[in-house]
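The values are calculated or read from the model by the stated rules, or taken from the named source; none is laboratory data. Treat the numbers as computed from the prediction; the structure is a model and nothing was measured. Note that each Cβ is placed from the backbone with ideal geometry, even for glycine, and that neighbours are counted across all protein chains shown. Calculation scope for accessible area: heavy atoms of the full protein, side chains included, ligands and nucleic acids excluded. Shrake-Rupley method; radii C 1.70, N 1.55, O 1.52, S 1.80 Å.
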Amino acid sequence: MTDITYHLAEVRARIERALERAGRAADSVTIVAVSKQQPADVVKAAFLAGQCHFGENYVQEALGKMSQLRDVPLIWHYIGRIQSNKARHIAEQFDWVHTVDRLSIATRLHDHRPWHADPLNVFIQVNQTGRPDRAGVLDSELEPLAREMKRLTRLRVRGLMTIPLPGASHDDVTAQFRRLRRTGEALADAGLTAGELSIGMSADFERAIAEGATCVRIGTAIFGQREH
Ligand SMILES: *Cc1c(COP(=O)(O)O)cnc(C)c1O
């Protein structure tokens, strides 16, 4: 077995155990393999090991891989910051976007989503750090944003996403995930989202699953350390 096959099997086994501990159904989490900085042949190797969902942070890098892999039925997730001049490429080429945090970007994604494609699946990114320099909509602005986005018929608002501050303690991360879950449940009850949660990366995906993650975004644990 190659490293990627082995690492994927290990990640899947850990996810299965975390779901079992949480009393959740075995297929209730989607693994998004974060393939930033990984070349197309590595993505292909992961696909051959059964991985279908891939996450990318940089539009140009992703477009290159998509064109090299256009014959492979991959599902692409955009998980990076969205510059407004890249929104068209994102709306045309990706299936999911995890990082929508303002109405102007949501509107651009909606306007550029091709009419023949399914609505674009989106998560609203929430900034729970209390730091204004971090990406994500502040808690206080979340519900109005979700209400406006509900009207954008070319988007399907799946739920909420957050990224804890690097270096946050386990307890802090768990508390943030739990708070996001409660906020997400309230929005879903109000009919504004589908109640899904994109939380959990290599360091904390088991805790995220315990807090209700439906999508985990895993890079290092599958592909190994990235170069910087
Ligand atoms: C890079 C990245 C990940 C994956 O991080 P790992 O720690 O390598 O699993 C997940 N989400 C986002 C938004 C990222 O930028």
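Just to compare against my own numbers: the Cα pair-distance distribution for region 66-209, 5 Å bins, whole % per bin, please.
2, 10, 20, 22, 19, 14, 8, 4, 1
Return the inverse of the average 1/r over all pairs of distinct C-alpha atoms in region 21-128, which is the Kirkwood hydrodynamic radius, in Å to one decimal. Spell out each step's value before the answer.
Values: mean 1/r = 0.0679 Å⁻¹.
Evaluated on region 21-128, it is 14.7 Å.
Considering only protein heavy atoms, what per residue accessible area in square angstrom results for region 52-148 with a 1.4 angstrom probe? Display every interim value, and only then the final one.
Values: 4700 Å² over 97 residues.
Result: 48 Å² of accessible area for each residue.
Based on the Kirkwood radius over alpha-carbon pairs, what is the Stokes-Einstein translational diffusion coefficient of region 159-212 at 25 °C with 0.890 mPa s viscosity, in µm²/s?
Details: Rh = 11.2 Å.
This corresponds to a translational diffusion coefficient of 219 µm²/s.
Ordering Tyr6, Tyr78 by how much accessible area each has at a 1.4 Å probe, largest first, what is the list? It would help to have the intermediate numbers written out before the result.
Numbers: Tyr6 110, Tyr78 5 Å².
Correct descending sequence by accessible area is Tyr6, Tyr78.
Determine ³J(HN,Hα), in whole Hz, for all residues of region 22-37 in sequence, where each value follows from phi through the Karplus function 6.51 cos²θ - 1.76 cosθ + 1.60 and θ = phi - 60°; x replaces Gly and Pro.
Working through the residues one at a time gives 7, x, 9, 5, 4, 10, 9, 10, 9, 8, 9, 7, 7, 9, 4, 6 Hz.
Whole Å is fine, so just give me how far the alpha carbon centre of region 123-140 lies from that of region 74-110.
If you average the Cα positions of each part, the centres end up 17 Å apart.
In nanometres, what is the gap between the two model label sites at Arg24 and Glu148, each 7 Å from Cα along Cα-to-Cβ?
Calculated label separation equals 3.0 nm.
In debye, nearest 20: dipole of the chain around its Cα centre with unit charges on the Cβ of K, R (+) and D, E (-)?
Dipole of the chain, to the nearest 20 debye: 380 debye.
Might you report the magnitude of the Cβ-based charge dipole of region 22-100 about its Cα centre, with Lys and Arg at +1 and Asp and Glu at -1, to the nearest 20 debye?
Numbers: 8 positive and 7 negative charges, 39 e Å.
Here region 22-100 has a charge dipole of around 180 debye.
Who wins for biggest fluctuation among Thr174, Thr162, Thr99 in a Gaussian network model of the chain, springs between alpha carbons below 10 Å?
Fluctuation is largest for Thr174.
Checking the cross-link filter: which aspartates and glutamates have an alpha carbon closer than 19 Å to that of Lys150, excluding same-chain neighbours under 8 positions apart?
Partners within reach: Asp95, Asp101, Asp111, Asp118, Asp139, Glu141, Glu185, Asp189, Glu196.
Jot down the per residue volume, in cubic angstrom and as a whole number, of the convex hull over the alpha-carbon atoms of region 44-95.
Details: hull volume 3.7 nm³, N = 52.
So the per-residue Cα hull volume is 70 Å³.
Can you tell me which of 40-53, 132-145, 187-200 comes out highest on packing, and rank the rest after it, using the mean Cβ neighbours within 10 Å? Don't jump to the answer; show the numbers that get you there.
Details: 40-53: 16.9, 132-145: 14.6, 187-200: 19.8.
Order by mean packing, descending: 187-200, 40-53, 132-145.
Could you order Val72, Val97 by accessible surface area, starting with the largest, using a probe radius of 1.4 Å? Present the calculation step by step, with values, prior to reporting the outcome.
On the way: Val72 25, Val97 0 Å².
If we order Val72, Val97 from most to least accessible, we get Val72, Val97.
Tell me the Kirkwood hydrodynamic radius of region 3-54 in angstroms, computed as one over the mean inverse distance between distinct C-alpha pairs. Don't skip to the answer; put the middle values down first.
Values: mean 1/r = 0.0846 Å⁻¹.
Its Kirkwood hydrodynamic radius stands at 11.8 Å.
Assuming a ≥ b ≥ c are the square roots of the Cα gyration tensor eigenvalues, decide whether region 72-113 counts as rounded (a/c under 1.5), prolate (otherwise, with a/b larger than b/c) or oblate. Walk me through the numbers on the way to the answer.
Numbers: a/c = 2.16, a/b = 1.60, b/c = 1.35.
Because a/c hits 1.5 or more and a/b exceeds b/c, region 72-113 counts as prolate.
Of all the accessible heavy-atom surface of region 1-80, with the other protein chains kept in place and a 1.4 Å probe, what percent is carbon and sulfur?
On the way: 2090 of 4110 Å².
The computed percentage sits at 51.
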